[in-house]
Amino acid sequence: MSNPTSQSLIEQINLLEKKEISSLELTQLYLTNIEKNKDLNCFISLNDKALEEAKKIDKLKERKSLLQGIPLAHKDIFCAEGYKTTCGSKMLENFISPYSSTVFDKLKKSNSIMVGKTNMDEFAMGSSNETSYFGNVKNPINKKRSPGGSSGGSAAAVRANLCAFATGTDTGGSIRQPASFCGITGIKPTYGRVSRWGMVAFASSLDQAGIFAKSAIDASIALEIISGFDEKDSTSINENVPKLINETTSEMDHIIGIPFKLIEKINDYKVKQNFLDCIDLLKKNGIKTKEIDLPFIEYSLPAYYVIAPAECSANLSRYDGIKYGYRCENPKDLEDLYTRTRSEGFGEEVKKRILIGTYCLSAGYFDAYYLKAQKIRARITNSFKEAFKNVTVIAMPTCSNEAFELGSIQDPVKMYEQDIYTIPANLAGLPAISVPSGLINKMPLGLQFIGNHLDEGKILNISHEFQKITDYHVY
Ligand code: GLN
């Protein structure tokens, strides 16, 4: 038998069901892989009770969930009672969660095993993992390259077989871009599909939790478990969650919408060609396509970089050195305590965004920046609504480039441009997925499918269709 850790989640579930492997053995194999791959820096902390938990699970007589006994990793943004939740920041370096996030709880109740908490850009702000206080993660395919961000630790951990699947969050692309860079599948569901309770907030109207896995089928299993209404999150959607694995594998008729005007503007001809080749392949396999127009979409990036910092400046005001987290030493007075705590506890990128956000929200500038950005957001949402009258899903590249070398992007705007194709789905609150679509310069690229509101099933389904006719996701 090949090492079970290199098999898919569905294959591992099969092995556990048939008792061909125990959860303890599987967990041990993953911990060995983690130990061997320490240099990737995927984890901020490990769960030292993982083996003990797996032993207990093995004693259960019945399997109560597909994920029972499966080792997974959580992005270190999800509170887990009794465990550290650092959010990649010095500010929360020693913060032990007093309660658990709904995502953590749901996975715990499914009897899966958390092996550890993954590294990430500080407070999920970044596209390269380089803003983490704990040092950047390395891309397992080429260690000189970035794994993407902000959920780079989760993406790299799945790619390097350090867990069967992992959780992540996506505010502007933080699941899909790292999935693309690491050659795996990453899905961000509809805003409100997964509860944000206990997930450290960055930009609350955009933040959404999701899954990294080896394939669309694997992702569908884990996503279904974490989805669903939660009264603790006022933006949670009160709708039933369908059986996602059935939707993923069922027969569906698709018409893929393609925003050709946007595609024409892609600078890198290899990225453009890769996308067009994928569409050709889908067409050859009988799937219909249709050109669509997405007006205002080119303003997504500037709108996001007003709205996200504005919300972050409000959310991060809670780190004041009083309630929890880092506190500076020997403050002279209260003012000094606030100022030094925040100056010393936050990294440069976070501070920059707090300043931008505070500026955009300030009395004289609110209308000119924040209100305008919200108007653009409404227009973009309408563009998608119109498009979905004629198509079942929309396709575009996940990113305009493959994983870049660590340290190679110094211009902040260039870094922000990483999310040019991912941000629109966040602004409109729509589900979106990235699946591996081939290699350029020996590094993977991603193909993105965006779905209509609550259509996770449809984007998983088209991704599965694509993975049936390609082997880019097999490694
Ligand atoms: N890279 C984007 C940013 O820096 C998106 C981050 C995210 O999705 N959490 O804001």
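Overview of values
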read-out	value
Leading residue by the ranking (farthest from the ligand (Cβ to nearest atom)) among those in region 199-220 that are part of a loop (DSSP other than H, G, I, E, B), in contact with a Ser or Thr (Cβ under 7 Å, 6 or more places away or on another chain) and small (Gly, Ala, Ser)	SER215
Per-region count, region 337-353, residues in a helix (DSSP H, G or I) and within 16 Å of the ligand (Cβ to nearest atom)	6
First in region 319-331 and closer than 22 Å to PRO98 by Cα, second anywhere and among the hydrophobic types (A, V, I, L, M, F, W, C) and outside any loop (DSSP other than H, G, I, E, B), Cβ under 6 Å, 6 or more apart	TYR319/MET91; GLY321/LEU337; GLY325/MET91; GLY325/LEU92; TYR326/MET91
Residue identified as aliphatic (A, V, I, L, M), modelled with pLDDT of 95 or more and within 23 Å of ILE57 (Cβ to Cβ) among ILE96, ILE113, ILE77	ILE113
Residue list for region 79-117, restricted to those being more than 16 Å from the ligand (Cβ to nearest atom), in a helix (DSSP H, G or I) and over 18 Å from PHE43 (Cα atoms)	THR102, ASP105, LYS106, LEU107, LYS108, LYS109
Cross-chain or 6+ apart pairs with Cβ under 9 Å, region 148-166 first and under 17 Å from SER215 (Cα atoms), then more than 16 Å from the ligand (Cβ to nearest atom) and modelled with pLDDT under 95	ARG159/TYR475; ASN161/ASN3
Positions within region 118-135 being assigned to a loop (DSSP other than H, G, I, E, B), within 14 Å of the ligand (Cβ to nearest atom) and over 18 Å from LEU72 (Cα atoms), in sequence order	ASP121, MET125, GLY126, SER127, SER128, ASN129, GLU130, THR131, SER132
Residue that is surrounded by the most Cβ atoms within 10 Å (Cβ to Cβ) [pool: residues in region 308-325 that are touching a Leu at 6+ places or on another chain (Cβ under 7 Å) and part of a helix (DSSP H, G or I)]	ALA308
When residues of region 140-191 are limited to those that are under 21 Å from PRO71 (Cα atoms) and of a type in the set (S, T, N, Q), the one farthest from the ligand (Cβ to nearest atom)	ASN161
Region 224-237 - residue that is of a type in the set (A, V, I, L, M) and either touching a Gly at 6+ places or on another chain (Cβ under 7 Å) or under 14 Å from ILE77 (Cβ atoms) (or both) and, of those, nearest to the ligand (Cβ to nearest atom)	ILE226
Filtered residues of region 56-106 (kept if hydroxyl-bearing (Ser, Thr, Tyr) and within 20 Å of the chain's Cα centre (by Cα))	THR85, THR86, SER89, SER100, SER101, THR102
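The values are calculated or read from the model by the stated rules, or taken from the named source; none is laboratory data. Everything quoted here is computed from the prediction, not taken from an experiment. FYI the Cβ positions are ideal-geometry reconstructions off the backbone, even for glycines, and counts take in every protein chain you see.
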